[in-house]
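*Asks:* My structure is below; once you've seen it, I'll send some questions.
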Amino acid sequence: MGKIVEISQSELSILRQYNKIVDATNIVSKADLKGIITYVNSKFIEISGYSKEELIGKAHNIVRDPMIPSSLFKELWETIQSKNVWEGVISNLRKDGKRYTVSASIFPILDDDGEIVEYISIRHDITQISELNRKIEEMNAYTSQQEHLAKEKLEAGIINDMSENEATVLHLASDVLSGDFYSLYKMNDGSIFVYLIDGQGHGISPALTVFAISSMLNQFVYSMKAIEELIEKLYPIARTFLGEIEQLSYTMIMISPDRKSLTYSSGGMYPFLIRKKDEVIRVKANNTPFMNFSPTPICSTMEIDNWESILLYSDGILEHENNDLTEYMPEKIINKPSTLRDAMKKISEYDFEDDVTILYLENVY
């Protein structure tokens with residue numbers, strides 16, 4: 001016979017307080033070895049909608065949710081019959097058919113010989129938390145879907161008329177919506193027009209601004225005869241898209257049909273690069289970044305006879321602090337263009353605070 005342990009009135013009072021706390025905050029029930037309910041607390045009665053008389057003597061599946069697969073209950077019973085505690089999140093049905101969700105722990109109670117005599121289930125109502133999580137998941141899924149659709153629409157505005165042996169593009173957005181926009185065109189007269197726009201900041205606002213300007217460029221570009229004509233037409237309208245503190249960095253270049261001269265307008269960008277046989281020319285911006293009060297940008301023309309390649313890039317590739325990427329910097333790439341193929345994979349392994357865009361043009365004779 002087990003030793004009888006005497007409990008003082010003080011200890012009994014404390015145990016009663018413990019029981020009161022558990023009873024007030026948790027759904028508690030007991031069941032025999034066959035799963036027949038032998039005890040329910042007031043919290044169980046309150047949340048299930050059944051009376052005590054309707055619950056006692058009934059199988060615990062009286063509150064079972066038919067949507068829960070039978071495999072879960074099989075695993076539950078195997079666990080507690082093996083004298084282990086089962087823990088999990090499960091939904092039940094009230095008497096009126098409404099569903100509620102609980103975080104449950106089911107304990108096998110053992111006698112002195114280590115045999116199971118009953119089971120105690122302690123549950124905590126997490127219906128509101130579960131519903132909130134469901135709504136958050138739905139909102140996240142909807143947001144993700146909308147962002148994906150927006151990204152597809154924005155990227156549809158990017159044009160590349162160049163073949164793979166004429167141009168290589170590396171573009172990685174730091175956000176769902178990129179603030180970098182570019183296009184490469186082959187004109188009817190054989191000239192090449194390329195632009196790269198970098199909107200200030202991240203997210204929807206700069207992405208929409210550069211998209212609007214890119215859309216206008218796409219409408220104007222094939223009808224223009226010179227880059228000056230395009231800029232004169234574009235910039236008065238583009239100003240209307242820029243907020244009070246918004247600005248755009250940009251580079252636009254047009255290569256003549258004979259590939260011997262280049263006209264450009266650039267503002268707020270790092271120098272673009274031109275590689276000839278024996279040198280690399282760094283062409284600095286000839287304008288300030290474009291804002292809603294900026295004057296119409298100027299254009300400059302230079303001779304580029306016998307050029308081999310041209311490289312345009314946004315500031316995202318330069319403004320990072322990772323030494324592993326030094327071999328993929330613009331000055332390195334233009335001297336060893338084979339590395340550009342590997343750059344996309346390598347750069348995508350790192351998080352950038354800004355979008356990364358590199359446009360590499362090769363003079364195909």
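*Asks:* Of all residues in segment 219-251, which are under 31 Å from the mean Cα position of the chain (by Cα) and either at pLDDT 85 or above or surrounded by 15 or more Cβ atoms within 10 Å (Cβ to Cβ) (or both)?
*Replies:* Scanning segment 219-251 gives ALA238, PHE241, LEU242, GLU246, GLN247, LEU248, SER249, TYR250, THR251.
*Asks:* Now for a different question. Which pairs turn up if I take residues in segment 30-43 that are touching a residue at least 24 places away in the same chain (Cβ under 8 Å) and look for partners that are acidic (Asp, Glu) with beta carbon separation below 6 Å, at least 6 apart in sequence or on another chain?
*Replies:* Taking only residues 6 or more apart or on different chains, the pairs are LYS30/GLU118; ASP32/GLU118; THR38/ASP32.
*Asks:* I've got another one for you. Within segment 77-122, how many residues turn out to be of a type in the set (Lys, Arg) and farther than 23 Å from TYR50 by Cβ?
*Replies:* Selection size over segment 77-122: 1.
*Asks:* Quick test of your reading of the structure: VAL63 fulfils all but one of (1) touching a helix residue (DSSP H, G or I) at 6+ places or on another chain (Cβ under 8 Å); (2) free of Cβ contacts under 8 Å to residues at least 24 places away in the same chain; (3) not acidic (Asp, Glu). Name the failing condition by number.
*Replies:* (2)
*Asks:* Going through ILE62, ILE68, ILE47 one at a time, which residue ends up being β-branched (Val, Ile, Thr), more than 40 Å from the chain's Cα centre (by Cα) and not in a strand (DSSP E or B)?
*Replies:* Criteria check complete, one pass: ILE62.
*Asks:* In segment 84-102, which residues are surrounded by 13 or more Cβ atoms within 10 Å (Cβ to Cβ) and in contact with a Gly (Cβ under 8 Å, 6 or more places away or on another chain)?
*Replies:* If the condition is that a residue be surrounded by 13 or more Cβ atoms within 10 Å (Cβ to Cβ) and in contact with a Gly (Cβ under 8 Å, 6 or more places away or on another chain), then ARG94, LYS95 are the ones that fit.
*Asks:* Between LEU132, LEU76, which is more than 21 Å from LYS30 (Cα to Cα) and part of a helix (DSSP H, G or I)?
*Replies:* Going through LEU132, LEU76 in turn, just one is more than 21 Å from LYS30 (Cα to Cα) and part of a helix (DSSP H, G or I): LEU132.
*Asks:* Anything in segment 274-299 that is more than 19 Å from LYS233 (Cβ to Cβ) and not in a loop (DSSP other than H, G, I, E, B)? List them, or say none.
*Replies:* Within segment 274-299, ILE274, ARG275, VAL280, ILE281, ARG282, VAL283 meet the criteria.
*Asks:* Further question: Please state which of the following conditions GLU331 fails to meet, knowing it meets all the rest: (1) without any contact (Cβ under 8 Å) to a residue 60 or more places away in the chain; (2) within 28 Å of VAL364 (Cα to Cα); (3) in contact with a Ser or Thr (Cβ under 8 Å, 6 or more places away or on another chain); (4) among the acidic types (Asp, Glu).
*Replies:* All conditions are met except number (3).
*Asks:* Filter segment 103-120 down to residues that are more than 13 Å from LYS30 (Cα to Cα) and loosely packed, with under 13 Cβ neighbours inside 10 Å and give me whichever is modelled with the lowest pLDDT.
*Replies:* Among residues in segment 103-120 that are more than 13 Å from LYS30 (Cα to Cα) and loosely packed, with under 13 Cβ neighbours inside 10 Å, the one modelled with the lowest pLDDT is ASP112.
*Asks:* Which of the following residues is at pLDDT below 90 and either farther than 16 Å from SER91 by Cβ or within 44 Å of the chain's Cα centre (by Cα) (or both): ILE36, ILE21?
*Replies:* That would be ILE21, the only listed residue that is at pLDDT below 90 and either farther than 16 Å from SER91 by Cβ or within 44 Å of the chain's Cα centre (by Cα) (or both).
*Asks:* If I ask for residues that are modelled with pLDDT of 70 or more, hydrophobic (A, V, I, L, M, F, W, C) and either closer than 27 Å to VAL63 by Cα or not in a helix (DSSP H, G or I) (or both), which ones from segment 137-171 would you list?
*Replies:* Scanning segment 137-171 gives ILE158, ILE159, MET162, ALA167, VAL169, LEU170.
The values are calculated or read from the model by the stated rules, or taken from the named source; none is laboratory data. On a predicted model such as this, the values are computed, not experimentally measured, just so you know. Using ideal geometry, Cβ is built from the backbone for each residue, glycine included, and neighbour counts are taken over all protein chains shown.
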